[in-house]
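Asker: Take a look at the following structure, please.
The values are calculated or read from the model by the stated rules, or taken from the named source; none is laboratory data. Keep in mind that what you see is a predicted model, and the values were worked out from it rather than measured. Using ideal geometry, Cβ is built from the backbone for each residue, glycine included, and neighbour counts are taken over all protein chains shown.
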Amino acid sequence: MLKEKLKHYKIILASGSPRRHHFFKALDVDFTIDVREIEEVFPNHLAGSEITDYLAKLKATAFTTIAPNEVVITSDTIVWKDGKAIGKPIDREDAISMLENLSGSMHQVFTSVCFTLKDEQITVNDSTMVWFKKLHRAEIEYYLDTCKPYDKAGSYGIQDWLGYIGIEKLEGCFFNVMGLPTRLVYKTLMELASR
């Protein structure tokens, strides 16, 4: 459906995430992948979705020229707990510390998606609340050793083993926790296509 509606656009997904690639294929969108390095630093006064909005827009600045028919899509996801952003772990000990912090409590996952066109930029974001059961150290270590979630914010993937056994409840979009609020992406692309 989207493939036909977007036939006059060239969709450029600026993400190295296999999960985001999968989502765009599943949404039936023709796209190319173009990942450009940018230092992901944000001002300290930002909180929650302000951070992901800022970083998603920042990633788009790596594209200095955009053709009239191109849409560059950038995105960012963070885990948010106790007034702090939790990014990707730097090593195994950092991942253990992160998961112990998330254990037995609720945190939020924020994802922002930025659509950059030649003369316009649209940014959407979503938030999901996630509750973890009390995790045992052995469960955390088993998960890290078998799934190696070092490329994931908060050191976990909801679609992995830890998500199966550790998540008691969530409020909001499941796919947002995986890294893309798919319904918002679909809605925004449909609105672009209908112009």
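Asker: Take K10 and tell me if it is surrounded by 13 or more Cβ atoms within 10 Å (Cβ to Cβ), over 24 Å from T61 (Cβ atoms) and charged (D, E, K, R).
Answerer: no
Asker: Go through region 17-45 and report how many residues are of a type in the set (G, A, S) and not in a helix (DSSP H, G or I).
Answerer: Matching residues across region 17-45 total 1.
Asker: I need the full set of residues from region 86-116 which are part of a strand (DSSP E or B) and modelled with pLDDT of 95 or more, in order please.
Answerer: Across region 86-116, the qualifying residues are M106, H107, Q108, V109, F110, T111, S112, V113, C114, F115, T116.
Asker: Let me ask something additional. Here's a check for you: in region 141-157, which residue that is at pLDDT 95 or above and of a type in the set (A, V, I, L, M, F, W, C) is nearest to M106 (Cα to Cα)?
Answerer: The extreme case among them is L144.
Asker: From V71, V29, V79, which residue is β-branched (V, I, T), under 30 Å from R137 (Cα atoms) and in contact with a strand residue (DSSP E or B) (Cβ under 7 Å, 6 or more places away or on another chain)?
Answerer: V79
Asker: Within region 34-56, is even one residue closer than 24 Å to R195 by Cβ and among the polar types (S, T, N, Q)?
Answerer: no
Asker: Does L55 count as surrounded by fewer than 18 Cβ atoms within 10 Å (Cβ to Cβ), among the aliphatic types (A, V, I, L, M), within 18 Å of the chain's Cα centre (by Cα) and not in a strand (DSSP E or B)?
Answerer: In short, no.
Asker: Further, regarding this structure: If you go through region 124-154 one residue at a time, how many are within 13 Å of the chain's Cα centre (by Cα), surrounded by 14 or more Cβ atoms within 10 Å (Cβ to Cβ) and closer than 19 Å to S15 by Cα?
Answerer: Matching residues across region 124-154 total 6.
Asker: Taking only pairs six or more apart or across chains, which ones have beta-carbon atoms under 7 Å, a first residue in region 38-57 that is closer than 20 Å to S15 by Cβ and without any contact (Cβ under 8 Å) to a residue 60 or more places away in the chain, and a second residue that is crowded, with 16+ Cβ neighbours inside 10 Å and of a type in the set (K, R)?
Answerer: These pairs meet every condition: I38/K59.
Asker: If you take the residues of region 1-16 that are in a helix (DSSP H, G or I) and in contact (Cβ under 8 Å) with a residue 12 or more places away in the chain, which of them is farthest from K152 (Cα to Cα)?
Answerer: K5
Asker: Could you please tell me which pairs satisfy a Cβ distance under 9 Å, a separation of 6+ or placement on different chains, a first residue in region 125-151 that is without any contact (Cβ under 8 Å) to a residue 60 or more places away in the chain and farther than 30 Å from R183 by Cβ, and a second residue that is surrounded by 17 or more Cβ atoms within 10 Å (Cβ to Cβ) and polar (S, T, N, Q)?
Answerer: Every condition considered, the pairs that remain are I140/S155; L144/S155.
Asker: Can I ask one more? So which residues in region 146-193 are hydroxyl-bearing (S, T, Y) and in a helix (DSSP H, G or I), if there are any at all?
Answerer: Across region 146-193, the qualifying residues are T146, S155, Y164, T182, Y186, T188.
Asker: Going by the structure shown, is I38 on the phi < 0 side of the Ramachandran plot and either under 14 Å from the mean Cα position of the chain (by Cα) or crowded, with 16+ Cβ neighbours inside 10 Å (or both)?
Answerer: When the stated conditions are applied, I38 does not pass them.
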